[in-house]
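Okay, structure first, notes after.
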Amino acid sequence: MLSFSRGAADYLVDGTTKPVTAADALDALKLSVGLAASRGSSWKELISADMNHDGRVTAADALEILKTSVGINTIQPSWVFVPNDASINPNLATMTKTTVTYKDDLNLASITAPTSATITGILVGDVNNSWVIPA
């Protein structure tokens, strides 16, 4: 089994610029009431908006994202790594604001030949996906 940690995120772009902003909080609030976020409402936005990892996108998540954007976060942004394979994560295509469920691990025991997997890294809190790899 290969699993991924939800450890504290190094989410500063250049040491000072934070990609978790008030715009992310607004997007999370939109998702919580059933509207599309600025980049859509796919499973990636839903996972990134579920700041408290309770499996739902609510106004409480938007508040936590807003608090993070002004530096008074009580929940530290974290990375999740989600296998995109439908056999591992069949809920990705049907995920809604009330069913943010996914697996963030891979079972390697059954692999007998060379194989590949697509894994998406998501910074929870960065709903509009503004984080970039630091130079």
Right, Ser48: touching an Asp or Glu at 6+ places or on another chain (Cβ under 9 Å) and either at pLDDT below 95 or of a type in the set (Gly, Ala, Ser) (or both) or not?
yes
Just need a number here: residues in the stretch 67-92 that are crowded, with 16+ Cβ neighbours inside 10 Å and closer than 26 Å to Thr118 by Cα.
10
How many of the residues making up the stretch 47-66 are within 19 Å of Thr101 (Cβ to Cβ) and open to solvent by less than 10 Å² (accessible area, probe 1.4 Å)?
7
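The values are calculated or read from the model by the stated rules, or taken from the named source; none is laboratory data. Predicted model only: the values in this text are computed from it and were never measured. A quick note on method: Cβ atoms are made from the backbone with ideal geometry, for glycine too, and the neighbour counts reach across all protein chains shown. Side chains included, ligands, DNA and RNA excluded: accessible areas come from the protein's heavy atoms. Shrake-Rupley method; radii C 1.70, N 1.55, O 1.52, S 1.80 Å.
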